[in-house]
Amino acid sequence: MKKTVRSAILGALALAATPAASFAGGAGTISELQPGISTGIPLGAPLPQGIFDVTIGNYGRSNPSPGNVDQLGAVAPAWLIWSTPWTIAGGRVLLDTVQPWVGATVKGGPYLSDFGNRLFDAQLKWDLGGGFFGGFQAGVYVPSAGVTPIGRDMTSFQGVAALSYLKDGWDLSATMIYGNGGTDSNGVWYSDWLNLDLTATRKFGKWELGLVGYYSTDLNGTSKLSQFALGPLVGYDFGWVNAQFKFTRDVYEQNYGGYDNRAWLNLTFPLWVAQKDAPLK
C-alpha cells in the first residue's frame with residue numbers, strides 16, 4: 001500500500017506540465033524535466049564567456065472542477081551556467097547545475113512541496129554561421145530522497161540536442177530532450193521520456209514577442225502519456241535582467257486527465273561576463 005501511494009504521488013509531482021496520478025501496475029510515466037521549460041531560451045547558442053543565472057517559475061492547473069483540481073507550481077530558483085573559456089572542436093564548453101522546487105495538489109488532496117532532483121550538466125555549442133547555432137548537452141540527475149515523495153530516488157541520464165536561428169531579432173529554436181527511466185530505490189518504475197520545446201519570437205528594440213510550444217511523451221510506458229501545448233511569449237530586456245512571460249495551454253493531451261493551463265516567468269541575469277566577450281546579438 002505504501003509503495004502504491006508513493007507511486008501515485010511521484011507520478012503526480014514529477015517535473016511535468018500536467019500532474020498525473022499513477023497508472024495500473026506502476027508509477028506515473030512522465031518527463032523528469034518539465035516540458036516547455038526551455039521555451040524562450042535559445043539553447044542552441046553558446047553564451048559569451050561568463051557566469052549566468054536563469055530563474056524559471058511557473059504555475060498551472062488542470063481538471064478545474066470542484067474537489068478535483070490538479071495544481072502544480074515549480075521554480076528553478078538558480079539555474080547556474082558557467083560559459084567557460086574552453087572550446088572543443090570549435091564549440092564552446094558550458095557547465096551548469098539546477099535543483100528545482102516543486103509544490104502540488106493532486107485531485108483536491110493535500111498540498112505537498114519539496115526540492116526535486118539536482119541536475120549536473122555539460123554543454124558543447126557551436127556558431128554554425130549564417131545566424132545558425134547548435135549544440136548538445138548531457139547531464140545526470142542525482143537521487144532525491146526528501147521528506148516528501150517529490151523527485152526520484154535514483155540516478156538518471158538526460159541528453160539534449162538544440163538548434164537556434166538568431167538573426168535580425170529572430171529567435172527560432174528547437175530543443176529535443178531525452179531522459180531515461182528505471183526503477184528507484186522504493187521500487188517505483190519510470191518510463192523513458194522525450195520532450196520537444198519550440199520557440200518563434202522576434203525582438204522589437206527591448207521588447208520580444210512571439211509564440212512558444214512544447215510536446216512531451218513517454219517512450220516505453222503502458223499509459224501512453226503525451227501532450228502538446230501552445231501560447232504567447234512577451235519579453236522585455238531591462239539591461240540588468242531579461243524577463244519573459246509565457247502563457248501556455250494544452251491543445252492536445254492523452255491520458256493526462258485534463259488540459260493544462262500554465263503561466264511562466266523566465267528571468268536571466270548575467271552575473272559576470274568577460275570583457276573580451278560581447279553578448280550574442
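Give me the pairs, please: first residue somewhere in the stretch 44-60 and more than 20 Å from ALA200 (Cβ to Cβ) and in contact (Cβ under 8 Å) with a residue 12 or more places away in the chain, second residue anywhere and surrounded by fewer than 21 Cβ atoms within 10 Å (Cβ to Cβ) and of a type in the set (Asp, Glu), beta-carbon distance under 8 Å, and either six or more positions apart or on two chains.
Going by the 8 Å Cβ cut-off, the qualifying pairs are PRO46/ASP127; PRO48/ASP277; GLN49/ASP277; GLY50/ASP277.
Restricting attention to the stretch 110-156, report how many residues are part of a loop (DSSP other than H, G, I, E, B), aliphatic (A, V, I, L, M) and either in contact with a Phe, Trp or Tyr (Cβ under 9 Å, 6 or more places away or on another chain) or at pLDDT 90 or above (or both).
Going residue by residue through the stretch 110-156, those that are part of a loop (DSSP other than H, G, I, E, B) are 110, 116-118, 130-131, 142-155.
After this cut, where a residue has to be aliphatic (A, V, I, L, M) as well, the list is 142, 145, 147, 150, 154.
Narrowing the set further to residues that are either in contact with a Phe, Trp or Tyr (Cβ under 9 Å, 6 or more places away or on another chain) or at pLDDT 90 or above (or both) leaves 142, 150, 154.
So the count comes out to 3.
Any residue at all in the stretch 195-213 that is touching a residue at least 60 places away in the same chain (Cβ under 8 Å), part of a loop (DSSP other than H, G, I, E, B) and of a type in the set (Val, Ile, Thr)?
Scanning the stretch 195-213, I find no residue that is touching a residue at least 60 places away in the same chain (Cβ under 8 Å), part of a loop (DSSP other than H, G, I, E, B) and of a type in the set (Val, Ile, Thr), so the answer is no.
For VAL212, state whether it is more than 18 Å from the chain's Cα centre (by Cα) and crowded, with 20+ Cβ neighbours inside 10 Å.
Values: more than 18 Å from the chain's Cα centre (by Cα): no; crowded, with 20+ Cβ neighbours inside 10 Å: yes.
Answer is no for this residue.
Return the only residue of ASP153, ASP114 being free of Cβ contacts under 8 Å to residues at least 40 places away in the same chain and under 17 Å from TYR190 (Cβ atoms).
Values: ASP114 fails: under 17 Å from TYR190 (Cβ atoms).
Among ASP153, ASP114, only ASP153 is free of Cβ contacts under 8 Å to residues at least 40 places away in the same chain and under 17 Å from TYR190 (Cβ atoms).
Picking from THR199, THR248, THR217, THR222, which residue would you name as being under 19 Å from LEU47 (Cα atoms) and polar (S, T, N, Q)? Let's see the steps before the verdict.
Numbers: THR248 fails: under 19 Å from LEU47 (Cα atoms); THR217 fails: under 19 Å from LEU47 (Cα atoms); THR222 fails: under 19 Å from LEU47 (Cα atoms).
After ruling out the rest, the residue left standing is THR199.
Would you please name the residue that is modelled with the lowest pLDDT, looking only at residues in the stretch 50-97 that are under 23 Å from PHE247 (Cβ atoms), part of a strand (DSSP E or B) and among the aliphatic types (A, V, I, L, M)?
Residue satisfying both the conditions and the ranking: LEU72.
The values are calculated or read from the model by the stated rules, or taken from the named source; none is laboratory data. Owing to the predicted nature of the structure, the values given are computational and were not obtained by experimental measurement. Note: ideal-geometry Cβ built from the backbone for every residue, glycine included; neighbour counts use all protein chains shown.
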